[in-house]
Amino acid sequence: MTKKTLLAVALAIASCPVLAAETRDDLQPSGRFSVYGHGAAATPPMGWNPWNAFRTEVTQDKILSVAETIKKNGLQAAGYRYINIDDGWWLHRRADGGIQIRTSMFPMAKTASGPPSFRRWTEHLHAMGFKAGIYTDVGRNACSQAHDPKSPNLPVGTTAEREIGLSGFEYSDLRTVFEEWGFDYVKVDACGLADFAAGSASVTSGRYGESRPLIVRGDAVATDADKVETMYARVGRLLSQVNPDGDYVFSICPWGEAAVRDWGGRHGNLWRTSEDIVPTWKSMLHNFDSTSRRELYAGPGRWNDPDMLAIGLGEFDADHLVEARTHFSLWSIVSAPLLIGFDLNHAAPALVELLSNKEVIAVNQDAAGNQGRLVADDGQVQVLVKPLSVRGERAVVLVNRGDTPAEGVVDARQMRLKDGALQVRDLWAQRDLPATQGALRFPLPPRASVMLKVKGEPASGDATALGEITGRIHVAVDGLPIYSAKPAEVSGTPRVDATPYGKPLQVAGQAYAGGIGAHANSRLEVLTSKAFRRFSAVAGLDDSGDAANGNVVFKVYGDGKPLYESAPLRRGAKAVRIDVPVSGVQVLELVAVAGDTGKDALPPLVAWADAQLH
Ligand code: GLA
């Protein structure tokens, strides 16, 4: 290089922070819809898991009798297909590297010669019309080993023999589970990465080896999210390899830790967004809240998982049908997996009826895979709206979270419908309500909810607002630096029709009712599948951001090729109008690149207001 070129390069680097930011690899267009794309979870998985009913004191007979009940009482026909095994099934790791099944728990696993096998178990379930699920851990040990020290069914033997988790055995264990044993679903927990630190009770007991925790619960800085992601990504890749027919589900279970919101959808089919549910109203709402603001993360093949249903237990048992109905409405509208977790052999008919409500299940299983999103929240009453696959159809839940009576209200605008006649059906009563104009109002007793299907004329006419097709959007980069990310339940991630903090979108003093709000340094992929001609939006820095907080360049790509690039914009600058042709485009990408953000500051807030496909 000549001196002159060297100088030119140095000057360019020094004077152009936007260019420097462009070098961030993850903000370059991927040219693809980079979600997991494997497995069989086009709609949220439905089934039954024994954990909350039996913990490790589960047996083959207990599971089978519940499976038979599910077949007889209509729940199987209603869609509950997966019969899963959770923690407790293992006896020890053998010297040959295989895992010995606890045959006292699963006599069916005994074989005439050779090690026990679950093959007969899965064949039996398959013959009954079910799919079979199993459980493991991404680390060396499982959750019961740390949290249920009194369990009669913990792995036995030397420290090495007690290491029944995947770590170090990923390929051979997954091959055994899927190729030899014939399972269709695996839940991969993470206690092995979290609960075996030096000095922990599990280690000082002398029964388990020590490992530096990669997950420190509630501490994003001490947690090594990158390593955790790498380990789960490897499991995801191996699963697609040992399941050439793709008929499997990969459930990722780090309880909302390790920034799993950011990578769960790239490596698996569902990921837990919070700690374990317990059957109390408070816990149910807490877990719901960990999912309800993540509408842009879910879609066909990838689902936020606020944990199993607590229906049938504690504050959701047959004496609490109001609470049980609300719990089911909420899980259904946010497209959560529907895994029942109580002993159905002792279920009150009213609970079975509740869990088999076809119209409510149809909302959860709608093919578009949009997650319902919060359109109103006054601290007591929340309203969620989920655009369904039929044009102009919306599912709506109005819920009273409080212990005093309240009123739920939803209007056409919140449902993205035109004012005018609306057809309304009450999904719990399974009856049509008189056609209405204007806002819909319902008295809501404490903890009660109303669930509706509403049909009208879409407000966006022939265009499609991005907020109506969240199932086709993948948050490839959400703009939050991993190590300053707060626990999962705190928002701050991209949202529909709101800033990441739930405020209305506003650019240079002008309010926008619709669009996507995000932090800059974000990249959104939209699966347009050659179905649209144009993309339009009004983009700018959101007014609720920090005034001093740098500039942003807005870029739009179609299948990796640049379609639009704005000048660097600062807060207060008028929004730019974007209108670009997208005919033939499979994947559209919306990228906001922050220029001179300070090292530790969060990137500024941006709005892709009125973002629409035509
Ligand atoms: C963790 C999981 C639960 C359950 C138990 C089993 O706590 O989050 O869902 O699988 O482990 O020990």
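The values are calculated or read from the model by the stated rules, or taken from the named source; none is laboratory data. Given the structure is predicted, the values throughout are model-derived calculations rather than measurements. Glycine also receives a Cβ, built like all others from the backbone with ideal geometry; neighbour counts cover every protein chain displayed. Surface areas here come from the heavy atoms of the whole protein model, side chains and all, with no ligands, DNA or RNA. Shrake-Rupley method; radii C 1.70, N 1.55, O 1.52, S 1.80 Å.
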Considering only the stretch 167-202, state which residues are more than 16 Å from the ligand (Cβ to nearest atom), of a type in the set (A, V, I, L, M) and part of a loop (DSSP other than H, G, I, E, B).
A197, A198
Determine, yes or no, whether S536 is of a type in the set (S, T, Y), under 30 Å from the mean Cα position of the chain (by Cα) and in a strand (DSSP E or B).
yes
T122 fails exactly one of (1) open to solvent by less than 10 Å² (accessible area, probe 1.4 Å); (2) under 23 Å from V242 (Cα atoms); (3) within 16 Å of the ligand (Cβ to nearest atom), namely (3)
If a residue has to be more than 18 Å from R272 (Cβ to Cβ) and touching a residue at least 40 places away in the same chain (Cβ under 8 Å) to count, how many in the stretch 320-331 make the cut?
5
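Here's a check for you: in the stretch 132-166, which residue that is within 16 Å of the ligand (Cβ to nearest atom) and free of Cβ contacts under 8 Å to residues at least 40 places away in the same chain is surrounded by the fewest Cβ atoms within 10 Å (Cβ to Cβ)?
Looking at residues that are within 16 Å of the ligand (Cβ to nearest atom) and free of Cβ contacts under 8 Å to residues at least 40 places away in the same chain, I get K150.
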Condition met for T59 (open to solvent by 40 Å² or more (accessible area, probe 1.4 Å) and either within 16 Å of the ligand (Cβ to nearest atom) or modelled with pLDDT of 95 or more (or both))
yes
Residue list for the stretch 580-595, filter: under 21 Å from K530 (Cβ atoms) and assigned to a loop (DSSP other than H, G, I, E, B):
V582, S583, G584, V585, Q586
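This table checks each residue for (1) in a strand (DSSP E or B); (2) open to solvent by 70 Å² or more (accessible area, probe 1.4 Å); (3) modelled with pLDDT of 95 or more.
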| residue | (1), (2), (3) |
| --- | --- |
| Q414 | no, no, yes |
| G420 | no, no, no |
| Q423 | yes, yes, yes |
| A429 | no, no, yes |
| A435 | yes, yes, no |
| F442 | yes, no, yes |
| V450 | yes, no, yes |
Quick one: which strands (runs of 3 or more DSSP E) sit completely within the stretch 239-332 and have at least 2 residues that are under 15 Å from V35 (Cβ atoms) and touching a Gly at 6+ places or on another chain (Cβ under 7 Å)?
249-253
For the stretch 290-311, name all the residues that are touching a helix residue (DSSP H, G or I) at 6+ places or on another chain (Cβ under 9 Å) and more than 16 Å from the ligand (Cβ to nearest atom).
S292, R294, E295, L296, Y297, A298, G299, P300, G301, R302
Can you tell me which residue in the stretch 247-257 is nearest to the ligand (Cβ to nearest atom), limited to those that are in contact with an Asp or Glu (Cβ under 9 Å, 6 or more places away or on another chain) and open to solvent by less than 10 Å² (accessible area, probe 1.4 Å)?
C253
Scanning the stretch 259-277 residue by residue, those open to solvent by 10 Å² or more (accessible area, probe 1.4 Å) and away from the ligand (no atom under 11 Å from the Cβ) turn out to be A259, R261, D262, R266, H267
